[in-house]
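> My questions all concern the structure below.
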Amino acid sequence: MQQCSKETALVNDLLSLKQFEPQQVPMSLIKIDLKLLIEDLAGDFEKNWADKGLTLKVDLPKFAPSLETDLDSIKRVLLELLTNAGKYSASGTAVVLEASSAGNCIVLRVSNFGAGISAADLPHIFDKFRRGTGITDQAIPGTGLGLALVKCLVQHLNGTIDVSSNPAESSEADKLWRTSFTLTLPQFPAKFCDLEE
């Protein structure tokens, strides 16, 4: 049964990736209340992570900016990034989801505290079927397509995504690394980000 679920997940991820790779999917643009979207997602993840002792810390500006974008795509990106953060977080830590605006862009950052990503793996993190060194040994489930799909979706939204992984500064998080995925999206459709504005 578990093997069947893995194969179904792999097929679904491959189909999603194939759909977005050639940029054939038109964007269905609507105005999104970022705060509501994030609060909806937060509730589900906190429940799912209770067994692992993880919490989700959401850091939004007092007046969260609205965003005109494709709801299904942005939702899928955040779901993938939060799911990923939960998988690789050390027990008892917090996943941090931050939002801010810069110029005509919205910047979303998902960070977790865990083993981190090696310098050798970082450049390949968005490659299809590429999983970090030692991930299979740790029996962390996944198809190796989630982050490749995230990159395709972000490009579909005229955005960019970057990743960093460094030793955590907090003394409480001894030996833990902070891994952050930073997503930059244009606030309005058909625009690319200009952070100099």
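The values are calculated or read from the model by the stated rules, or taken from the named source; none is laboratory data. Note that the coordinates shown come from a computational prediction; the quantities given were computed from them, not determined experimentally. Cβ coordinates were reconstructed from backbone atoms using ideal geometry, including for glycine residues, and neighbour counts include every protein chain displayed. These accessible areas exclude ligands, DNA and RNA; they are computed on the full protein's heavy atoms, side chains included. Shrake-Rupley method; radii C 1.70, N 1.55, O 1.52, S 1.80 Å.
> Check off (1) modelled with pLDDT under 90; (2) surrounded by 17 or more Cβ atoms within 10 Å (Cβ to Cβ); (3) not aromatic (Phe, Trp, Tyr) for Val110 and give me the number that stays unchecked.
Of the numbered conditions (1) modelled with pLDDT under 90; (2) surrounded by 17 or more Cβ atoms within 10 Å (Cβ to Cβ); (3) not aromatic (Phe, Trp, Tyr), the odd one out for Val110 is (1).
> Same structure, new question: List the number of the failed condition for Leu14; all other conditions in (1) modelled with pLDDT of 80 or more; (2) part of a helix (DSSP H, G or I); (3) closer than 15 Å to Val150 by Cβ hold.
(1)
> For the stretch 85-98, what are the residues that are within 16 Å of the chain's Cα centre (by Cα) and crowded, with 20+ Cβ neighbours inside 10 Å? Before the answer, list the steps.
The initial filter retains those residues of the stretch 85-98 that are within 16 Å of the chain's Cα centre (by Cα), namely 85-89, 94-98.
Residues satisfying the conditions are Ala85, Tyr88, Ser89, Val95, Leu97.
> Taking Ile117, is it in a loop (DSSP other than H, G, I, E, B) and either modelled with pLDDT of 90 or more or open to solvent by less than 40 Å² (accessible area, probe 1.4 Å) (or both)? Break it down into steps so the answer makes sense when it comes.
Details: in a loop (DSSP other than H, G, I, E, B): yes; either modelled with pLDDT of 90 or more or open to solvent by less than 40 Å² (accessible area, probe 1.4 Å) (or both): yes.
Answer is yes for this residue.
> With the condition being modelled with pLDDT under 90 and among the hydrophobic types (A, V, I, L, M, F, W, C), I'd like the strands (runs of 3 or more DSSP E) fully within the stretch 46-106 carrying at least 3 qualifying residues.
none
> Within the stretch 37-72, which residues are open to solvent by 100 Å² or more (accessible area, probe 1.4 Å) and under 21 Å from Gly159 (Cβ atoms)?
If the condition is that a residue be open to solvent by 100 Å² or more (accessible area, probe 1.4 Å) and under 21 Å from Gly159 (Cβ atoms), then Asp40, Asp72 are the ones that fit.
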